Every structure is written in C-alpha cells, then in structure tokens.
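**Student:** One structure, pasted below without further comment.
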Amino acid sequence: MSGSPVSGVFTALRTQLQEAATEFAGGPDALEGILLGLVDDVDRAVREPLEIFPVCHHSPA
C-alpha cells in the first residue's frame, strides 16, 4: 500500500497511524496495512460522486 497515492489532506493522519502502529505493535508491519488501508478507503470514498435524487413518500393513512 505504500505505492498508493494519498491526498495531502490525509498525510498527517497517515503519519500518525504509522507512528502508532510502530509504537504499540512493536513494528510498523503488524498494523500498518490495516490502518493505512482505512485511510486509503476514506480518501477514495471522499472522491466518489454522490448521487442525490428526490423521493416522495406517501402514507396510506
């Protein structure tokens, strides 16, 4: 995952997660893939267009 592009918005978060993985897991490899994968998923989701369409709900009452 180290080769994936990350926007500047998530650079600080990525760095903090990597430091936390190093400190608490005894090394960056134990949690790095999972934690940084979460950041990559959020970054990817933020860039996806959101489709909003109106829906009318009519109550039978």
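The values are calculated or read from the model by the stated rules, or taken from the named source; none is laboratory data. Computed from a predicted structure; not experimentally measured. Every residue, glycine as well, gets a Cβ built from its backbone with ideal geometry; the counts of neighbours run over all protein chains shown.
**Student:** Starting from segment 27-38, take each residue that is in a helix (DSSP H, G or I) and list its partners that are of a type in the set (S, T, Y) and modelled with pLDDT of 70 or more, counting only C-beta distances under 8 angstrom and pairs at least six apart or across chains.
**Tutor:** P28/T22
**Student:** Inside segment 39-57, can you point out the residues that are in a helix (DSSP H, G or I) and of a type in the set (A, V, I, L, M, F, W, C)?
**Tutor:** In the first step, residues of segment 39-57 are kept if they are in a helix (DSSP H, G or I); the result is 39-47.
Correct list: V39, V42, A45, V46.
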